[in-house]
Amino acid sequence: MINIKNFSTGMENDSKYKRIIILGGSGSGKSTLANRMGLYTGYPIYHMDKMLHNPDWSRKDKNEWGNICNEFLSKDIGIVDGNYTSIMPDRLNWADLIIFIDTPTRVKIYRFIRRNIRGSLGLDEHYGIPEGAKERFSVSFILWLYRWDKNFKTKIFSMLESVKDKKVLIIKEPRELDIVKLLK
């Protein structure tokens, strides 16, 4: 396996986008796309779930959230994956490229279930979860995911409508995104 932190193509010096955020529901492919982009660019990757949750999936204190967010928002370069609408305005201001993965609900649920099964069997590593955390599988989370588009997608799209001076991409399938073409 390639160590993401040590691989770089040198793109960090000549890409037109230096501050990238990736949004979308759980199972949409945010962490996977962030890792692909990080491999290509050499940019540091900030997984919001990993940074803002404890290993038992409890949320860190709001003051700690602020400190964590201020840390990566002070950087001139990076890739951030995750939603968290309560702290999104600062990230939207920071970013120069915003990608929203608009994957159908059925696909997100399928990927979530597959990720849990493969993760519990040790077949996959989920990069975006807190150190020491296990995948969390529950019917209530699947129901939350089922309602995600209605409850959160609309709110995020509303926030994206206010973005005027940034590149905003809405994609259906992250695997189809041509990273080389996008970032040149």
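The values are calculated or read from the model by the stated rules, or taken from the named source; none is laboratory data. All values derive from a computational prediction rather than experimental measurement. Cβ coordinates were reconstructed from backbone atoms using ideal geometry, including for glycine residues, and neighbour counts include every protein chain displayed.
Please go through segment 163-183 and give me each residue that is part of a loop (DSSP other than H, G, I, E, B) and in contact (Cβ under 8 Å) with a residue 60 or more places away in the chain, ordered by number. Show your work before the answer.
Keep residues of segment 163-183 that are part of a loop (DSSP other than H, G, I, E, B), which gives 163-166, 172-173, 177-178.
Hits for segment 163-183 are Val163, Lys166, Lys172, Glu173, Leu177.
Take the residues in segment 123-162 that are among the aliphatic types (A, V, I, L, M), part of a loop (DSSP other than H, G, I, E, B) and surrounded by 14 or more Cβ atoms within 10 Å (Cβ to Cβ), then tell me which one is nearest to the chain's Cα centre (by Cα).
Within segment 123-162, the first condition is being among the aliphatic types (A, V, I, L, M), and the residues that meet it are 123, 129, 133, 139, 142-143, 145, 156, 159-160.
Next cut, part of a loop (DSSP other than H, G, I, E, B) only: 123, 129, 133.
Narrowing further to those that are surrounded by 14 or more Cβ atoms within 10 Å (Cβ to Cβ): 129, 133.
Working: Ile129: 11, Ala133: 17 Å.
Only one residue fits best here, namely Ile129.
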| message | Which numbered condition in (1) farther than 21 Å from Lys167 by Cβ; (2) assigned to a loop (DSSP other than H, G, I, E, B) is the only one that Tyr43 fails? | response | (1)
| query | Which ones in segment 128-161 are in contact (Cβ under 8 Å) with a residue 40 or more places away in the chain and either acidic (Asp, Glu) or more than 26 Å from Tyr110 (Cβ to Cβ) (or both)? | reply | Glu131, Gly132, Asp149, Met159
| Subset of segment 79-100 (residues that are in a loop (DSSP other than H, G, I, E, B) and buried (at least 18 other Cβ atoms within 10 Å of the Cβ)) | Gly82, Asn83, Ala95
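Would you be able to say whether some residue in segment 43-51 is surrounded by fewer than 20 Cβ atoms within 10 Å (Cβ to Cβ), at pLDDT below 90 and within 14 Å of the chain's Cα centre (by Cα)? Steps first, answer last, please.
Step one: filter segment 43-51 for residues surrounded by fewer than 20 Cβ atoms within 10 Å (Cβ to Cβ), giving 44, 50-51.
Retained after the next criterion (residues that are at pLDDT below 90): 50-51.
Pick out the ones that are also within 14 Å of the chain's Cα centre (by Cα) and you get 50-51.
Yes, segment 43-51 contains a residue that is surrounded by fewer than 20 Cβ atoms within 10 Å (Cβ to Cβ), at pLDDT below 90 and within 14 Å of the chain's Cα centre (by Cα).
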| note | Across segment 52-65, the tally of residues that are surrounded by 14 or more Cβ atoms within 10 Å (Cβ to Cβ) and in a helix (DSSP H, G or I) stands at 2
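Looking at this structure, is Leu183 surrounded by 13 or more Cβ atoms within 10 Å (Cβ to Cβ), of a type in the set (A, V, I, L, M, F, W, C), under 19 Å from Thr41 (Cβ atoms) and modelled with pLDDT under 90? Spell out the reasoning first.
Numbers: surrounded by 13 or more Cβ atoms within 10 Å (Cβ to Cβ): yes; of a type in the set (A, V, I, L, M, F, W, C): yes; under 19 Å from Thr41 (Cβ atoms): yes; modelled with pLDDT under 90: yes.
Yes.
I'm trying to understand the selection: among the residues of segment 66-78, which are of a type in the set (Gly, Ala, Ser) and surrounded by fewer than 19 Cβ atoms within 10 Å (Cβ to Cβ)?
So in segment 66-78, the residues of a type in the set (Gly, Ala, Ser) come out as 66, 74, 78.
Within segment 66-78, Gly66, Ser74 meet the criteria.
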